[in-house]
Amino acid sequence: MTDFLKNFFDFSNLLTFSIDMVLVLLIGYVVGRERHEAGKTMGERSTIILIIGSYLFAYASLRCGIDHSRVIAQIVTGVGFIGAGIIFKKGEKDIFNLTTAILVWTVAALGVLVGIGLRVEALLAALVVYLVLRVRRRRDRKAKQQSQDQTTDNV
């Protein structure tokens, strides 16, 4: 029975897979939470599901021994298509959800990084993405507050 379990379950890969799943859940949650707090449509659930999906494709391509670069190229294409569907244009200059569309692409890339074993790189990239989103939101909030302060001063 133990031979069957050893052959059926590759415990070292199962441990790696489990650690990776925790990592993609963490990254997806942190980035998605930031978007949720900013009031954007892409929140924790969407971000987590997206990063898990891209991770699973990358991980499976490595485990199956197929050309993972081709699988990664298809992830980029598929997620790019999803991102394109998110972007809306209103009038000549108003473009909506561009950052969200780019974030979809970036979150998929983070999942791929974890899936091909570049965990530290994925964590560092996720930190940079989070900081960029957070700093920009803080700056926008300050500009909005200054605008409101000027409006009340003029009244």
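For the reader, a short list of remarks on this structure follows.
- Residues that are assigned to a loop (DSSP other than H, G, I, E, B), farther than 20 Å from ALA125 by Cβ, at pLDDT 85 or above and of a type in the set (D, E, K, R) do not occur anywhere in segment 17-37.
- Residues in segment 59-93 that are small (Gly, Ala, Ser) and within 30 Å of LEU15 (Cα to Cα): ALA60, SER61, GLY65, SER69, ALA73, GLY78.
- Among the candidates GLY28, GLY43, residue that is within 16 Å of VAL104 (Cα to Cα), among the small types (Gly, Ala, Ser) and in contact (Cβ under 8 Å) with a residue 12 or more places away in the chain: GLY28
- Yes/no for GLU34 being under 21 Å from LEU133 (Cβ atoms) and without any contact (Cβ under 8 Å) to a residue 60 or more places away in the chain: no
- Among the residues of this structure, ILE95 counts as one that is over 16 Å from the mean Cα position of the chain (by Cα) and farther than 17 Å from ARG45 by Cα.
- Any hit, segment 49-71, residues being of a type in the set (Val, Ile, Thr), without any contact (Cβ under 8 Å) to a residue 60 or more places away in the chain and farther than 24 Å from VAL132 by Cα: yes
- Scoring VAL79 on the criteria (1) in contact (Cβ under 8 Å) with a residue 24 or more places away in the chain; (2) surrounded by fewer than 16 Cβ atoms within 10 Å (Cβ to Cβ) leaves a single failure, condition (2).
- Matching entry among LEU56, LEU62 (being modelled with pLDDT of 95 or more, over 11 Å from the mean Cα position of the chain (by Cα) and over 24 Å from ARG136 (Cβ atoms)): LEU56
- Top-ranked residue of segment 88-101 - restricted to ones that are surrounded by 14 or more Cβ atoms within 10 Å (Cβ to Cβ) and without any contact (Cβ under 8 Å) to a residue 60 or more places away in the chain, ranked as nearest to LEU62 (Cα to Cα): ALA101
The values are calculated or read from the model by the stated rules, or taken from the named source; none is laboratory data. Everything numeric here is computed off the predicted structure, so don't read it as measured data. Note: ideal-geometry Cβ built from the backbone for every residue, glycine included; neighbour counts use all protein chains shown.
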